[in-house]
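These notes are about the structure you will find just below.
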Amino acid sequence: MRKLFNIKRMIIIVITFYVLSGCSQKFLYPYCKTLFSPNEYPNFTNEGSQLILINYDHPLPDDYHVDLVTLENGEQIADIIYRPLMQMFNDMCLAGIYPKVASGYRTYDEQMEILQQRTNEYLVQGYSWDAAQNLAQEWVALPDTSEHQTGLAVDINPLNEMTDSEELYRWLEVNSYRYGFIKRYPAAKQDITKINNESWHYRYVGVTAATKIHEQNLCLEEYLSLQ
């Protein structure tokens, strides 16, 4: 009986240690785990391929190809952003912020479906067809002009009610560049990007470019025009 009591006591001590040290988060949230081995994906030093510009004036090339990785929730991303994204999510989790990839890679058809859904929402509100399309395109890019088709862009949302969305997006604005990501559509750059402010949409460009974009308060179009 005494032996059983000592075992229970030891279990309680171990659990308490992990809770107090913050390590319990690693068991509560999957991104706190080490989701990749050091050699699973190489460190990419050539950042040229990450700097592809996709927008209304620069559609996706016909020969574009991307190798994809499937995340635990079924969303897919380009394999080259898997490691930095997981590192960023791990650090967010350890800071008490719990993110998820709400949307990653999209096909042409998936992008078209999202655009049609947004257009229909405006039609229901009484807008004309042309007005509904124009309003929808302020939020949803035309197929082949969406960064989601590159696999390099992710929409990041709170995992659940444990995280306040404003806190999550504030953390991303301050820290995402350290991992090679930028807020792709800032409010102050709407006249250039032609897309409304999207707090959730982040694009991988590599640490070098992301750092310069962050420090100089640029959008991707401005950064590339200076190169």
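Observations
- Here the Karplus relation 6.51 cos²θ - 1.76 cosθ + 1.60, evaluated at θ = phi - 60°, turns the backbone of segment 56-65 into coupling constants of 4, 8, 10, x, 4, x, 4, 9, 5, 9 Hz, with x for every Gly and Pro.
- Here the calculated FRET efficiency for E72 and L142, from their Cβ-Cβ distance with R0 = 45 Å, stands at 0.90, rounded to the nearest 0.05.
- Potential extension, Q227-D109 segment - 0.36 nm per residue separation minus Cα distance: 39.2 nm
- Cut-off 14 Å (backbone N to label point 7 Å along Cα→Cβ of Y56), residues of segment 162-195: 190-195
- Ranked from largest to smallest solvent-accessible area, with a 1.4 Å probe on the protein heavy atoms, R118, R184, R170 come out as R170, R118, R184.
- Listed residues Y169, P84, W129: farthest to the positive end of the dipole of segment 77-173 (Cβ charges): P84
- For segment 173-227, averaging the sequence separation of C-alpha pairs within contact (under 8 Å, six or more residues apart) and dividing by the residue count gives a relative contact order of 38 percent.
- Per residue value of the accessible surface for segment 92-191 (all protein chains in place, 1.4 Å probe), Å²: 48
- Whole-Hz Karplus values for segment 180-189 come out as x, 10, 10, 6, 6, 10, x, 4, 6, 10 Hz, taken residue by residue from phi with 6.51 cos²θ - 1.76 cosθ + 1.60 and θ = phi - 60°; glycine and proline positions read x.
- If R0 equals 30 Å, the separation of the Cβ atoms of K212 and S165 corresponds to a calculated FRET efficiency of about 0.60.
- Whole-percent carbon and sulfur share, accessible surface of segment 57-180, 1.4 Å: 44
- Qualifying GluC sites (Glu not before Pro) in segment 128-227, where qualification requires a DSSP coil assignment and no more than 14 other C-beta atoms within 10 Å, comprise E138, E161.
- The label point for N196 and the one for N134, both projected 7 Å from the Cα toward the Cβ, are 1.5 nm apart.
- Karplus-based coupling profile of segment 150-157, in residue order and whole Hz: 8, x, 8, 10, 9, 9, 10, 10, with θ = phi - 60° in 6.51 cos²θ - 1.76 cosθ + 1.60 and x standing for Gly or Pro.
- Close amide-amide hydrogen proximity is noted between L159 and Y98, K100, each under 5 Å apart and 5 or more residues distant or on a separate chain (H modeled in the peptide plane; Pro and chain starts excluded).
The values are calculated or read from the model by the stated rules, or taken from the named source; none is laboratory data. Treat the numbers as computed from the prediction; the structure is a model and nothing was measured. Ideal geometry is used to build each Cβ from the backbone, glycine not excepted, and the neighbour counts take in all protein chains shown. Accessible surface is based on the protein model in full, side chains and every heavy atom, while ligands, DNA and RNA are left aside. Shrake-Rupley method; radii C 1.70, N 1.55, O 1.52, S 1.80 Å.
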